[in-house]
Amino acid sequence: MASSSNFFGLTECNLLCVGGLVAGLALAAVAFKRYQKYKDDQRRQTYPKDTVVLHQIGRGKYIPSISPFPLKLETYLRMAKIPYINEHSRTFSSKGKTPWMTYNGEDVDDSQMCIDFLNKKLGVDMNKHLSLEQKSIGHAFRILVEDHLYWTGVLQRWVYDKGAHVPEASGGRVTPFQARMISRKIGPQAYMQGLGRHTQEEVMCILRKDVEALSCFLGQKKFLFGDDPCEYDCSIFGLLAQALWSMPGSPHEVMAKKEFPNLKDYIYRVRETFWPDWNECILEPEQGGTRGKKEK
């Protein structure tokens, strides 16, 4: 039996040192957390009243965000003409999500919960011109895009391409090393979600059916349900725009640009309507290049 002076090979002095180190680290962690809260409280005092503070990771090279959900939420804010400012950082919400927002001191997580909160708080209804049947269809398409089509993009970007294009798309905010580390984490997440259990060929079949359904329903309409935009357009634009400007060479890009050209026209139409300052919101403004320009 080990004596008190030789517990797992450690002397009493060693144990005291280890205990002191652990206590010191714990105190440092508490101090850092308090400092972060102090800085956060100080920053919040500068937030303007009745203005959404949109917390999101920084701009992308060719697109305002290389994540569909910040782009969705920011498009909604523009569509609804709600005053907002961006706070670009890698600070995530209490649920570990991005984007999130602060409105008059209240934090709200998740892009859709942010939209629902603002709709109720400010009396906004971007779907008021839709029938109950159209709202049901719009909701179904939002779920298709955000909970199904989204994961085909996640698998393509992080598993099949192993995050190879992310450093450039992010403008260097994500390093190649970080991209590889993220890639290793995404595979198990996609497997738990379900889509990651399929082969790449099967996932591409799922992708095609999703995109074809969107293209077929959209047809030649200006927006999802006709001449007037609605809240569901924000979700669809947020995700489809990734195919054009942050997933080079992917099946998503090929389908959006070549196989279903009405989707490409739709993406540009939404961009031109709600993002006239697109060039000011990306890291590499469009000039003579072709990536951001509409192809004939």
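Pairs linking a residue in segment 99-115 that is without any contact (Cβ under 8 Å) to a residue 24 or more places away in the chain and surrounded by fewer than 23 Cβ atoms within 10 Å (Cβ to Cβ) to a residue that is part of a strand (DSSP E or B) and not acidic (Asp, Glu), with Cβ atoms under 7 Å and 6 or more positions apart or on different chains, are Asp107/Trp100; Val108/Trp100; Val108/Met101; Asp109/Trp100.
Give me a count of the residues in segment 116-133 that are crowded, with 16+ Cβ neighbours inside 10 Å, in a helix (DSSP H, G or I) and among the hydrophobic types (A, V, I, L, M, F, W, C).
Here is the first cut: in segment 116-133, the ones crowded, with 16+ Cβ neighbours inside 10 Å are 117-119, 124, 126-127, 130.
Keeping just the survivors that are in a helix (DSSP H, G or I) gives 117-119.
Applying the additional criterion that residues be among the hydrophobic types (A, V, I, L, M, F, W, C) yields 117-118.
The qualifying residues number 2.
Is segment 179-189 home to any residue that is closer than 16 Å to Ile66 by Cβ, touching a residue at least 40 places away in the same chain (Cβ under 8 Å) and either not in a helix (DSSP H, G or I) or not small (Gly, Ala, Ser) (or both)? The answer is no; no qualifying residue exists. Looking only at segment 134-151, residues that are open to solvent by less than 70 Å² (accessible area, probe 1.4 Å), more than 21 Å from Ser65 (Cα to Cα) and of a type outside the set (D, E, K, R) come to 5 in all.
Matching residues to (1) hydrophobic (A, V, I, L, M, F, W, C); (2) at positive phi; (3) free of Cβ contacts under 8 Å to residues at least 24 places away in the same chain:
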residue	(1), (2), (3)
Leu122	yes, no, no
Asp125	no, no, yes
Lys128	no, no, yes
Gln134	no, no, no
His139	no, no, no
Asp147	no, no, yes
Tyr150	no, no, no
Val154	yes, no, no
Val159	yes, no, no
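Among the residues of segment 50-65, the one identified as farther than 15 Å from Leu283 by Cα, assigned to a loop (DSSP other than H, G, I, E, B) and open to solvent by less than 40 Å² (accessible area, probe 1.4 Å) is Thr51. When residues of segment 161-178 are filtered for being surrounded by 16 or more Cβ atoms within 10 Å (Cβ to Cβ) and in a helix (DSSP H, G or I), how many remain? Residues that pass the stated criteria total 4. Scanning segment 66-98 for residues that are within 24 Å of Gln178 (Cα to Cα), touching a Pro at 6+ places or on another chain (Cβ under 9 Å) and open to solvent by less than 20 Å² (accessible area, probe 1.4 Å) turns up Pro70, Leu71, Ser93.
Rundown of residues vs (1) under 30 Å from Thr91 (Cβ atoms); (2) out of contact with any Phe, Trp or Tyr (no Cβ under 8 Å at 6 or more places or on another chain), yes/no style:
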| residue | (1), (2) |
| --- | --- |
| Thr152 | yes, yes |
| Arg173 | yes, yes |
| Ala190 | yes, no |
| Thr199 | no, yes |
| Val203 | no, yes |
| Tyr232 | yes, no |
| Leu239 | yes, no |
| Ala256 | no, yes |
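Remark: pairs (first residue in segment 236-253, closer than 13 Å to Tyr266 by Cβ and at pLDDT 95 or above; second residue charged (D, E, K, R) and open to solvent by less than 20 Å² (accessible area, probe 1.4 Å); Cβ separation under 6 Å; 6+ apart in sequence or on different chains) = Gly238/Lys72.
Among the residues of segment 211-230, the ones that are touching a Lys or Arg at 6+ places or on another chain (Cβ under 9 Å) and open to solvent by 20 Å² or more (accessible area, probe 1.4 Å) come to 4 in all.
Which count do you get for residues in segment 78-98 that are in contact (Cβ under 8 Å) with a residue 24 or more places away in the chain, among the hydrophobic types (A, V, I, L, M, F, W, C) and not in a strand (DSSP E or B)? Let's see the steps before the verdict.
The initial filter retains those residues of segment 78-98 that are in contact (Cβ under 8 Å) with a residue 24 or more places away in the chain, namely 78-80, 82-91, 93, 98.
Next cut, among the hydrophobic types (A, V, I, L, M, F, W, C) only: 79-80, 82, 85.
Subset that is not in a strand (DSSP E or B): 79-80, 82.
Counting residues in segment 78-98 that are in contact (Cβ under 8 Å) with a residue 24 or more places away in the chain, among the hydrophobic types (A, V, I, L, M, F, W, C) and not in a strand (DSSP E or B) gives 3.
Tell me whether segment 50-66 contains one or more residues that are over 23 Å from Asp110 (Cβ atoms), modelled with pLDDT of 90 or more and not β-branched (Val, Ile, Thr).
Kept after step one, since they are over 23 Å from Asp110 (Cβ atoms), are these residues of segment 50-66: 61-62.
Now narrow it down to the ones that are modelled with pLDDT of 90 or more: 61-62.
Applying the additional criterion that residues be not β-branched (Val, Ile, Thr) yields 61-62.
Yes, segment 50-66 contains at least one residue that is over 23 Å from Asp110 (Cβ atoms), modelled with pLDDT of 90 or more and not β-branched (Val, Ile, Thr).
The values are calculated or read from the model by the stated rules, or taken from the named source; none is laboratory data. Since the structure is predicted, the reported quantities are computational estimates derived from the model, not experimental observations. Here the Cβ is made from the backbone with ideal geometry for all residues, glycine too, and neighbour counts use every protein chain on show. Note: areas computed on protein heavy atoms with side chains; ligands, DNA, RNA excluded. Shrake-Rupley method; radii C 1.70, N 1.55, O 1.52, S 1.80 Å.
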